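The structure appears right after this line, and notes come after that.
The values are calculated or read from the model by the stated rules, or taken from the named source; none is laboratory data. Since the model is a prediction, treat every value here as computed from it, not as a measurement. Reconstructed Cβ throughout: ideal geometry from the backbone, glycine too, with neighbour counts over all protein chains shown.
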Amino acid sequence: MQHLVQSDRRQLLELARAAVEATARRDPKPALDPRVLTPELLACSAAFVTLHKSGGLRGCIGMMRYDVPLWINVRDSAIAAARDDPRFPAVAPTELPAIEIEISLLEPPVPLADPAMFEAGRHGIVVERGECRALLLPQVAPEMGWGGPQMLDAVCRKAGLRADAWRDPATRLYVFESVCFSD
């Protein structure tokens, strides 16, 4: 699990905020000088950025790219969460003061052979079947009050599958853990 020192976390949160603000104002995306970044921020790692407003979800998108530096995945996820989440309109400049940012750093997913081994709240889940694919972060289960079966049902529905598709051996399940921090 990738553990970052407080200064690295702060730098990623500042970068994500700058990316959301630039996106809302239609400015160019922010860049960082790789020469001044720590090895942890330059390391390849997947990331999700979740935007909250007034205690509710305002956008959440991530980059499951394990071959791209962490800082780039955080920046690109923040831009996408502010502009491309199909559940919401793009973030407007007037909303910026109310936006709270949460970053999740994801471990690579591993196959889940037995759904009974899924631990809601500890594991995030990815479901795949044919062209259908979806992911839910580990923090979704406690936020929604879900146990394992409810989380598995929800990720299947999010993928456009029947809720119980996770019980079918043709459906592939993957679990991952993450580190989450916010401003």
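Okay, here's what the table says:
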quantity	calculated
Residues within the range 1-25 that are in contact with a helix residue (DSSP H, G or I) (Cβ under 9 Å, 6 or more places away or on another chain) and basic (K, R), tallied	2
In the range 95-109, residue nearest to R25 (Cα to Cα) [restricted to those that are of a type outside the set (A, V, I, L, M, F, W, C) and surrounded by fewer than 16 Cβ atoms within 10 Å (Cβ to Cβ)]	P97
Selection within the range 19-78 - touching a strand residue (DSSP E or B) at 6+ places or on another chain (Cβ under 6 Å), among the acidic types (D, E) and surrounded by fewer than 18 Cβ atoms within 10 Å (Cβ to Cβ)	D67
Conditions (1) over 20 Å from V155 (Cα atoms); (2) touching a residue at least 12 places away in the same chain (Cβ under 8 Å); number of the one not met by T94	(2)
Criterion violated by A92 - all others in (1) outside the structural domain of A31 (by TED's automatic domain parsing); (2) modelled with pLDDT of 95 or more; (3) exposed (fewer than 13 other Cβ atoms within 10 Å of the Cβ) satisfied	(1)
